[in-house]
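Asks: Structure provided below as structure tokens; questions to follow.
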Amino acid sequence: MSESRRPLDRLLAMLPDAVRRASRGAAPAQPEPAQERFLFQSELGRSRNSSELKQLMRRVIPKLPDSVLKQLSRGGAKGLTSEDLDAVFRYQRGLEALPTVQRGMRALGMRSLLEWSMDRDGIMRQRSPYTHPMMRPLFFTPGVTARMRYDPADFDWVPRLQEAYPVIKEELLAALQHNKGFQPFVPAKDRGQERWLVQSDRGVVFSDDTDAPSMWNVMYLYLGGPIQENRARCPETVKVLESIPRFARHAPAVFSALHPGTHIAPHHGPRNSVLRVHLPLIAPERCFLNVGSELFEWRDGQVELWNDAFIHQAWNQSDRTRVVLHFDVYHPDWSDDEVARLLELDRELDATAVMSSFHDIRERTKELLAGKDWLVR
């Protein structure tokens, strides 16, 4: 029996009788091309041919009870307990209950958010306000507008953030002067191998590299909540972040430092339900960000808002380190009540093994740059 036939037969054996009878004529799934693995969904993660198994699963998944769906998920889960999977399903069902998501699902003919993992390309090829061919998040929530870049003038909190630029930069410079708080931004291991999106003539940084070069370093202010030791170093910055409406406090909020000569390769961020905010604090000329079809340079003190669910990449072609304050806010299409619920759902999900690798990697790498003068001035 072929490798591609086994999962199809396994799926059919678990389906309700009526669904199984209607699906008996399904053709064997074609094997998909080998995929290189990145931390987030990348261009290499897109399907390049049709898959009968994916098409079948997208049709039948909305008809399956959660008990069957959890059995299917557990069969492919790695390192997740049944409690963690229960949390993932609660998270998904919580999202599906939001009016904005329900509206988007109706527009796209979706009856379950699980369909996204079965047919990303098919869903994104649909013409709608919520989809775009260049947007492929790992977790997709239909119902929020798909736009690459946003006008900061449309957000009434942006002037307050830009006015705080001097005090935020002062706290950043103090941390840099004392060589405290920063660490390499690197991925968790996957089956004994690691790969990251950073390219330069200095190589690739891995989480077990004790002599990590300073290609892409971050100082976490939030990751699943505030990072206390860095919160103490930057109290005014934290106050500003806490004052911003819709601040996604369970998403990473960091000072992000990109080394000269570095290119962050094209990739997609994890979700489209938030917008990424950048406040450039040290922005030399020739530092660029490409989001979808938009290309722009960072400018000191000038806020940029964009959606990192779109394919994006970054360059530092200057001779100095570039540093931005980087955080997320919930998409403006959500209602205030939905934002409150999203904060609850994100907090609950952060307590599971789904996010444990992010917390583990932060712990394992947080001392790699301690006391090292890595900044290129």
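Asks: Give, as residue ranges, the strands (runs of 3 or more DSSP E) completely inside the range 264-377 that count at least 3 residues that are more than 26 Å from Arg160 (Cα to Cα).
Replies: Where strands (runs of 3 or more DSSP E) fall fully within the range 264-377 and carry at least 3 residues being more than 26 Å from Arg160 (Cα to Cα), they are 312-316.
Asks: Only residues that are of a type in the set (Gly, Ala, Ser) and out of contact with any Ser or Thr (no Cβ under 7 Å at 6 or more places or on another chain): list them for the range 238-284, please.
Replies: Ser243, Ala248, Ala251, Ala253, Ser256, Ala265, Gly269, Ala283
Asks: Any chance the range 340-349 includes a residue that's over 17 Å from the mean Cα position of the chain (by Cα) and among the hydrophobic types (A, V, I, L, M, F, W, C)?
Replies: The answer is yes; a qualifying residue exists.
Asks: Within the range 275-294, is even one residue under 19 Å from the mean Cα position of the chain (by Cα), under 26 Å from Asp373 (Cα atoms) and surrounded by fewer than 20 Cβ atoms within 10 Å (Cβ to Cβ)?
Replies: Taking every residue of the range 275-294 in turn, at least one turns out to be under 19 Å from the mean Cα position of the chain (by Cα), under 26 Å from Asp373 (Cα atoms) and surrounded by fewer than 20 Cβ atoms within 10 Å (Cβ to Cβ).
Asks: Name, by its number, the condition in (1) of a type in the set (A, V, I, L, M, F, W, C); (2) in contact with a helix residue (DSSP H, G or I) (Cβ under 9 Å, 6 or more places away or on another chain); (3) surrounded by 14 or more Cβ atoms within 10 Å (Cβ to Cβ); (4) modelled with pLDDT of 75 or more that does not hold for Leu69.
Replies: Condition not satisfied by Leu69: (4).
Asks: When both residues are 6+ apart or on different chains and their Cβ atoms are under 9 Å apart, which pairs have a first residue that lies in the range 221-237 and is within 18 Å of Ala164 (Cα to Cα), and a second that is among the hydroxyl-bearing types (Ser, Thr, Tyr) and assigned to a helix (DSSP H, G or I)?
Replies: From the range 221-237, the pairs are Leu221/Thr237; Arg231/Thr237.
Asks: Do the conditions hold for Ala314, that is, is it of a type in the set (A, V, I, L, M) and without any contact (Cβ under 8 Å) to a residue 12 or more places away in the chain? Walk me through it before giving the result.
Replies: On the way: of a type in the set (A, V, I, L, M): yes; without any contact (Cβ under 8 Å) to a residue 12 or more places away in the chain: no.
It is false that Ala314 is of a type in the set (A, V, I, L, M) and without any contact (Cβ under 8 Å) to a residue 12 or more places away in the chain.
Every residue, every condition in (1) modelled with pLDDT of 95 or more; (2) surrounded by fewer than 22 Cβ atoms within 10 Å (Cβ to Cβ), yes or no:
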residue	(1), (2)
Gly203	no, yes
Pro213	no, yes
Tyr220	yes, no
Gly225	no, yes
Glu242	yes, yes
Ala248	yes, no
Ser273	yes, no
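Asks: Are any of the residues in the range 224-243 under 30 Å from Arg286 (Cα atoms) and within 18 Å of the chain's Cα centre (by Cα)?
Replies: No, there is no match, as no residue in the range 224-243 is under 30 Å from Arg286 (Cα atoms) and within 18 Å of the chain's Cα centre (by Cα).
The values are calculated or read from the model by the stated rules, or taken from the named source; none is laboratory data. Fair warning: this is a prediction, and the values are worked out from it, not measured in the lab. We place every Cβ from the backbone using ideal geometry, glycine too, and count neighbours over all the protein chains shown.
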